[in-house]
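The block underneath contains the structure these notes are about, expressed in structure tokens.
The values are calculated or read from the model by the stated rules, or taken from the named source; none is laboratory data. What you see is a predicted model; the values in this text were computed from it and never measured. When we count neighbours, we look across all protein chains shown, and the Cβ atoms used for this are built from the backbone with ideal geometry, even at glycine.
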Amino acid sequence: MIEVSPTDAPDYWAIRGWTNTLQKMSYDADICFLGNSITYASNFQTYFTDKKIVELGYPGDTMIGMMRRMDMLRAVCPEKVFLMAGINDLANQSMDMDEFAERYNVLVDSITNACPHAEVYLESILPVNRSHRMYRNCDRIIQANQIITRIAGEKGMIYIDLFSLYCIDGQLPDELTNDGIHLLPKAYDRWAEAIREYVTSSLK
């Protein structure tokens, strides 16, 4: 069983500070993107100018880290949540897929508890380039994405396969990344197009 307390985090006061700011803004978002550094570097507001978008991307964040930020998500009260999570957890080579599945399940449940009326979309983990020193290949990412697909089906959520969109010859191509894992600005174009129908659709 996974138990997460925000006070366990070394950046507890930073999280509380940003949560306090978001709460005082009284900003009700149409869309929230929750994720790590790949989400942090995005700017989806430029693609969907008629939507109020909040991007809660935190560099280096893990699934447990995202669970600690549920008050931030709750503060912006989004109608839809797009989740990308797991790549930093896979950096821990000792984590097996059963543990990955348990953490991902708890994270998704945390999101639905924080925002019970929001539609939640589960995005795949992106591929990496073989040059990246930590991952080398996409084998564990593929296994993790199979788990995410299964969880989406079990919970009646939409799974968005971004992995296939970015994977060429078994890896993230050189022209879309400068370090083997993070996207260049131009690479976000295809991500935006892949989610456009879900961002612009009416709530069910």
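Across segment 117-148, which residue is nearest to TYR104 (Cα to Cα) among those that are more than 14 Å from the chain's Cα centre (by Cα) and of a type in the set (Ser, Thr, Tyr)?
Within segment 117-148, the match that is nearest to TYR104 (Cα to Cα) is TYR135.
For segment 163-194, name all the residues that are aliphatic (A, V, I, L, M) and free of Cβ contacts under 8 Å to residues at least 60 places away in the same chain. Step through it out loud before you land on a result.
Residues of segment 163-194 that are aliphatic (A, V, I, L, M), as a first pass: 165, 168, 172, 176, 181, 183-184, 187, 192, 194.
Scanning segment 163-194 gives LEU165, ILE168, LEU172, LEU176, LEU184, ALA187, ALA194.
For segment 158-173, which positions are at pLDDT 95 or above and either part of a helix (DSSP H, G or I) or small (Gly, Ala, Ser) (or both)?
Scanning segment 158-173 gives PHE163, SER164, LEU165, TYR166.
I'm trying to understand the selection: among the residues of segment 36-53, which are buried (at least 22 other Cβ atoms within 10 Å of the Cβ) and over 18 Å from GLU193 (Cα atoms)?
ASN36, the sole residue that qualifies.
Considering only residues that are in contact with a strand residue (DSSP E or B) (Cβ under 7 Å, 6 or more places away or on another chain) and modelled with pLDDT of 95 or more, look in segment 133-150 and name the one that is farthest from ILE181 (Cα to Cα).
Pass one, segment 133-150, residues in contact with a strand residue (DSSP E or B) (Cβ under 7 Å, 6 or more places away or on another chain): 138, 148-149.
Next cut, modelled with pLDDT of 95 or more only: 148-149.
Values: ILE148: 19, THR149: 21 Å.
So, considering only residues that are in contact with a strand residue (DSSP E or B) (Cβ under 7 Å, 6 or more places away or on another chain) and modelled with pLDDT of 95 or more, the one farthest from ILE181 (Cα to Cα) is THR149.
Which residue pairs have Cβ atoms closer than 7 Å, lie 6 or more positions apart in sequence or on different chains, and pair a first residue in segment 33-51 that is in a loop (DSSP other than H, G, I, E, B) with a second residue that is of a type in the set (Phe, Trp, Tyr) and modelled with pLDDT of 95 or more?
From segment 33-51, the pairs are SER42/PHE33; SER42/TYR188.
Can LEU83 be described as crowded, with 17+ Cβ neighbours inside 10 Å and either of a type in the set (Ser, Thr, Tyr) or within 26 Å of CYS138 (Cβ to Cβ) (or both)? Steps first, please.
Values: crowded, with 17+ Cβ neighbours inside 10 Å: yes; either of a type in the set (Ser, Thr, Tyr) or within 26 Å of CYS138 (Cβ to Cβ) (or both): yes.
Spelling it out, LEU83 is indeed crowded, with 17+ Cβ neighbours inside 10 Å and either of a type in the set (Ser, Thr, Tyr) or within 26 Å of CYS138 (Cβ to Cβ) (or both).
If I filter segment 86-120 down to residues being farther than 22 Å from ILE38 by Cα and of a type in the set (S, T, N, Q), which single residue comes out as surrounded by the most Cβ atoms within 10 Å (Cβ to Cβ)?
It comes out as THR112.
Select from segment 164-204 the residues that are aromatic (Phe, Trp, Tyr) and within 13 Å of ILE38 (Cα to Cα) and write down the one among them that is surrounded by the fewest Cβ atoms within 10 Å (Cβ to Cβ).
The first filter runs over segment 164-204 and keeps only residues aromatic (Phe, Trp, Tyr), leaving 166, 188, 191, 198.
Of the ones still in play, those that are also within 13 Å of ILE38 (Cα to Cα) are 188, 191.
Working: TYR188: 18, TRP191: 22.
My answer is TYR188.
May I ask you to list the residues in segment 121-156 that are of a type in the set (Asp, Glu) and either surrounded by fewer than 21 Cβ atoms within 10 Å (Cβ to Cβ) or free of Cβ contacts under 8 Å to residues at least 24 places away in the same chain (or both)?
Going through segment 121-156, the residues of a type in the set (Asp, Glu) turn out to be 123, 139, 154.
Within segment 121-156, ASP139, GLU154 meet the criteria.
Out of segment 68-87, which residues are within 11 Å of the chain's Cα centre (by Cα) and not in a loop (DSSP other than H, G, I, E, B)?
The first filter runs over segment 68-87 and keeps only residues within 11 Å of the chain's Cα centre (by Cα), leaving 81-87.
Result: VAL81, PHE82, LEU83, ILE87.
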